[in-house]
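Contents: one structure, followed by commentary.
The values are calculated or read from the model by the stated rules, or taken from the named source; none is laboratory data. In this text the structure is predicted, and so the values were computed from the model without any measurement. When we count neighbours, we look across all protein chains shown, and the Cβ atoms used for this are built from the backbone with ideal geometry, even at glycine. Accessible surface is based on the protein model in full, side chains and every heavy atom, while ligands, DNA and RNA are left aside. Shrake-Rupley method; radii C 1.70, N 1.55, O 1.52, S 1.80 Å.
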Amino acid sequence: MRYWHTSKRTSLSSLRRRSSVCALVVFAVCSGCSTIPSGETVAAYEPYDPHESVNRPVYGAFDAIDRRVLQPVARGYRWIMPNWAERGVANFFANLRDVDGALNALLQGKPAAAAGDLTRVVINSTIGIGGLIDVASDSGIDPSGEDFGQTLAVWGVTRSRYLYLPPVGPSTVRDAPGQILHGATPGLLLGGGYVWWVSLLDLMSTRAEALPATDARDAAALDPYAFTRDAYYQRRKYVIYDGHPPMDDFFDEFDDE
Amino acid sequence: MLLGLLLSGALAADDEGATARIEALHKALLAAMQCECDTQARAEGLQPVVQTLFDVNNIARISTGRAWREFDEAQRADLEGALERLIVATYADRFDSFAGQRFEVLSEETSRTGAVVRTEIVRSSGERVPIDYYFRGDKVFNVVASGVSDLSLRRADYSSILKEQGYGALLAHIEENIAELAAQAE
């Protein structure tokens, strides 16, 4: 779940204004408290959750809504939609978000990845019929998957406090502004063509895509909150290192043998 | 003569490298996916390969952290047994149908604790899921899928239950989890 959305009809300008205000507020919070207080040592990219007493109940409350509303709707969506249509909707939004990927690849000094993302947008928006078909991936041009949280990490914000942020889901103070912008990207790019129900479609598609991951969590986790948090930090470290994080061989665990 | 054959078989198994052991796991997983059988039968088919491949002692020790030192021998053995059955049940649940997936071994590297075998599951859509196996000696103590370490996840998952409810609750939760996996796949 990577979304903020509104189900009310909103004018484009207010949508834009709201998203940028949101981003600014979170960014201000981010710069204020993303540093770890002196005296505390938290390894870079390790889970850090000083606000667990708030995060845990928020997770519990949103999880109850998710199970009662979002999950059944997402399962219904999967059931109704033929595979090709489901893929098409996901591709359509992913195509718009490649613009965000390109921008952040550039901000991280990865011009080749940025060019790849832009090439994808051009190919998929034209040959791929407005982004419905991911022709670029089939031709071997994969998305960079960069976002603003990764950009901040590359710029030095390696450690960040955990935030459970409905309806975005797991986040950190560093990642939240990027996630909000990422969620708002289709609306910002489509301009006047953006209508309210597109947000709902986007939300359903995103939730449906996340079903395998949350089903795996439900099948395996004894403490779903801690499970989600650890998985989130690990996954973020992996994408920040573009899939090549330093090897964690648990060497210290074998010290006392 | 029979003893000789058994011994040579055992020696051959000891000589196997990490890559060969992972290839044996891949073969067992493919067989589990392709077999027209129920979860119970799939689990029974996977059990021997899980038993020889996974280092449940170190998995149990590392995932329970400091609490491990407080457990007596019987508790440790019960936990290791439960974890082994959980790994089998998880594999039997996740690899229950075949849709053209392929397993590829990419490389074998050396870390400070032993070999690391890097593999990918290639789905028929072309999507690739990287899975790395971390060895200590000839056994696997950690599996990292798309950057998410199973051992780290397990440790995070067990930590607060151990701290707040203790050993008995952890074991009960794991047993419950195994039962759920078996029931849900039926």
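Working note: Karplus 6.51/-1.76/1.60 with θ = phi - 60° gives region B:63-78 the couplings 6, 9, x, 5, 4, 3, 5, 7, 7, 7, 4, 5, 5, 4, 5, 5 Hz, where Gly and Pro are set to x.
Treating only the Cβ atoms of Lys and Arg (+1) and Asp and Glu (-1) as charged, compute the dipole magnitude of region A:39-141 about its Cα centre; round to the nearest 20 debye.
On the way: 9 positive and 12 negative charges, 88 e Å.
Here the size comes out at about 420 debye.
Annotation: the antiparallel percentage among DSSP beta bridges lying fully within the protein assembly as shown is about 95.
A 1.4 Å probe run over the protein chains yields, for the protein assembly as shown, 49 Å² of accessible area per residue, whole-number rounding.
In this structure, residue A:58 and residue B:20 have a Cβ-Cβ separation that, at R0 = 51 Å, corresponds to a calculated FRET efficiency of about 0.60.
Here region A:46-141 is treated as a Stokes sphere of Kirkwood radius computed over C-alpha pairs; at 25 °C and 0.890 mPa s its diffusion coefficient rounds to 152 µm²/s.
Any number yet on Rg/Rh for the protein assembly as shown, C-alpha, Kirkwood?
Values: Rg = 23.3 Å, Rh = 23.9 Å.
Dividing the radius of gyration by the Kirkwood radius yields 0.98.
Scaled against the 2.2 N^0.38 Å expected of a compact globular protein of N residues, the Cα radius of gyration of region A:164-229 reads 1.33.
Specify whether the C-alpha gyration tensor of chain B places it in the rounded, prolate or oblate class, a ≥ b ≥ c being the square roots of the eigenvalues: rounded for a/c under 1.5, otherwise prolate if a/b is larger than b/c and oblate if not.
Working: a/c = 1.41, a/b = 1.24, b/c = 1.13.
Taking the square roots of the gyration eigenvalues as a ≥ b ≥ c, chain B is rounded.
Using every Cα-Cα pair within region B:127-186, state what percent have a distance larger than 16 Å. Present the calculation step by step, with values, prior to reporting the outcome.
Values: 1100 of 1770 pairs.
Everything past 16 Å amounts to 62 percent.
In chain B, excluding the sites themselves, the longest stretch lacking any of the trypsin sites (Lys or Arg not before Pro) that are in a DSSP loop with at most 15 other Cβ atoms within 10 Å is B:1-111.
Summed over both chains, the contact between B and A buries some 2500 Å² of accessible surface at a probe radius of 1.4 Å.
222 nm [θ] for the protein assembly as shown, helices only, -39500 (n - 2.57) per DSSP H run of 4+, per residue, to 500?
Numbers: 16 runs with 267 residues, N = 443.
So the helix-based figure for the protein assembly as shown works out to -20000 deg cm²/dmol.
With all protein chains present, how much of the accessible area of region B:2-185 (probe radius 1.4 Å) comes from carbon and sulfur, to the nearest whole percent? Please list the in-between numbers first.
Working: 4670 of 9060 Å².
The nonpolar share, carbon plus sulfur, comes to 52 percent.
Length available on full extension from residue B:27 to residue B:98: 0.36 nm per residue minus the Cα-Cα distance, which gives 24.3 nm.
Here's the list of aspartates and glutamates a cross-link from residue B:163 could span, going by alpha-carbon distance under 18 Å and ignoring same-chain residues fewer than 8 apart: A:49, A:52, A:223, A:230, B:70, B:72.
Using the Karplus relation 6.51 cos²θ - 1.76 cosθ + 1.60 with θ = phi - 60°, the per-residue 3J(HN,Hα) values for region B:142-151 come to 8, 10, 10, 10, 6, x, 9, 7, 4, 5 Hz, with x marking Gly and Pro. For chain B, a simple Cβ point-charge model (Lys and Arg +1, Asp and Glu -1, everything else neutral) yields a dipole of about 540 debye relative to the Cα centre.
Report for region B:2-185 the percent antiparallel among DSSP-assigned beta bridges with both residues inside it, nearest 5. Of all bridge pairs located within region B:2-185, approximately 95 percent are antiparallel.
The phi-based Karplus calculation (6.51 cos²θ - 1.76 cosθ + 1.60; θ = phi - 60°) puts the 3J(HN,Hα) values of region A:218-225 at 5, 6, 9, 7, 8, 10, x, 4 Hz, whole numbers, x for Gly and Pro.
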